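These notes concern the structure reproduced below.
The values are calculated or read from the model by the stated rules, or taken from the named source; none is laboratory data. None of the values given here were measured: they were computed from a predicted structure. Glycine also receives a Cβ, built like all others from the backbone with ideal geometry; neighbour counts cover every protein chain displayed.
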């Protein structure tokens, strides 16, 4: 089961059922966190009067902005006829109107709503975190019993929340981790590869399953699986390893070998950030090298775009004939692209009025990653390579 966190973001007496939190905090499970949540909610709805508890399921991959999310909330609450042609000034007014429409009177007779936000980190990346803020803000009203549960694989999710959103968060976090040992992991490996009894070609299925059994006892395969298990034992990672190994199976090579698994392990262990660097432009490579030198000079203290640009200009002045001198707005675009790729990260969340060129950032690549990536970077100018290997920045 992949690492995940269930966030019960709001606390309300109407929904604070011991059974629900008991199930949600149970970590000895083998299925995805979504299955656990669905099972908990199913049993919760059987205990409670299901007609009096409403569920709204949203997914960050589908509800990509607040307008789409609001339409989906309206649809799932069956309030299309209530909204009609009404015009609202803001998202908050519209959401408040929807929840007020569910109220029958006082707090005891209001209809509780559970919001389940899958891919929660994507909602945190939406502009101004409008949906999250308004859900939490409405929850402060005694007349609106609301609970929100977020599911995400990101362990740094709290760092993505704005201060106004984080202040309304109950900070209740539940981490779900796999608890099986290596023998169980090896058993799963065999089960995932084995062909079922109903496979059309009985002879091939028998030979394939015999090969899988032999692989599970091969010392080289056991070493590969042990390394993979030690780094990341979630099943999604194991499936990726097996998929890469199975891609090498062909008509002329019908059975998987230990060499296939070794090659798959090598591909899984490749540095993803270094691979991203291979696809960057020469200008973006130059900016990364400039940031590398700034890290060396200032001992990895945060820096801003203006400092990077000045460092780049020093190099251009020194090697004016080898690298084109781009205009500053073009360099800024390249810098922002590196931020989108998460190769650099802002130290603090930017405000509306802050100047972009003076926003403090940190480089998320170390010197080894940069140099290894440059070795595999095709058509990189010689002067750029020499600049990267120089121990001091150009003065």
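Conditions tested, residue by residue: (1) in contact with a helix residue (DSSP H, G or I) (Cβ under 7 Å, 6 or more places away or on another chain); (2) modelled with pLDDT of 85 or more; (3) on the phi > 0 side of the Ramachandran plot.
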position: 255; (1), (2), (3): yes, yes, no
position: 265; (1), (2), (3): yes, yes, no
position: 274; (1), (2), (3): yes, no, no
position: 283; (1), (2), (3): yes, yes, no
position: 298; (1), (2), (3): no, no, no
position: 321; (1), (2), (3): no, no, no
position: 327; (1), (2), (3): no, yes, no
Matching residues in the range 216-234 - criterion: being in a loop (DSSP other than H, G, I, E, B) and without any contact (Cβ under 8 Å) to a residue 40 or more places away in the chain
232
If you scan the range 372-395, which residues turn out to be over 16 Å from residue 310 (Cα atoms), modelled with pLDDT under 80 and more than 33 Å from the chain's Cα centre (by Cα)?
390, 391
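A quick yes/no check of all residues on (1) modelled with pLDDT under 85; (2) within 30 Å of residue 238 (Cβ to Cβ):
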site: 126; (1), (2): yes, no
site: 148; (1), (2): no, no
site: 170; (1), (2): yes, no
site: 175; (1), (2): yes, yes
site: 191; (1), (2): no, yes
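Just to be sure before I move on: is residue 245 modelled with pLDDT of 90 or more, exposed (fewer than 15 other Cβ atoms within 10 Å of the Cβ) and within 17 Å of residue 193 (Cα to Cα) in the structure I sent?
Details: modelled with pLDDT of 90 or more: yes; exposed (fewer than 15 other Cβ atoms within 10 Å of the Cβ): no; within 17 Å of residue 193 (Cα to Cα): yes.
The answer is no for residue 245.
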Here the residues within the range 38-62 that are free of Cβ contacts under 8 Å to residues at least 60 places away in the same chain, surrounded by 14 or more Cβ atoms within 10 Å (Cβ to Cβ) and in contact with a helix residue (DSSP H, G or I) (Cβ under 9 Å, 6 or more places away or on another chain) are 39, 40, 44
Pull out all pairs, ordered by first then second residue, where Cβ-Cβ is under 6 Å, the residues are six or more apart or on different chains, the first lies in the range 356-369 and is assigned by TED's automatic domain parsing to the domain that holds residue 299 and within 30 Å of residue 270 (Cβ to Cβ), and the second is at pLDDT 85 or above and part of a strand (DSSP E or B).
361/344; 361/346; 362/345; 363/344; 364/345
Which members of the range 365-383 meet the condition of being exposed (fewer than 15 other Cβ atoms within 10 Å of the Cβ), within 16 Å of residue 344 (Cα to Cα) and in contact with a helix residue (DSSP H, G or I) (Cβ under 7 Å, 6 or more places away or on another chain)?
367
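For the subset of the range 346-371 comprising residues that are part of a helix (DSSP H, G or I) and at pLDDT below 80, which member is farthest from residue 285 (Cα to Cα)? Show your work before the answer.
Of the range 346-371, the ones part of a helix (DSSP H, G or I) are 356-358, 367-371.
Subset that is at pLDDT below 80: 356-357.
Values: 356: 20, 357: 18 Å.
Per the stated criteria, the residue is 356.
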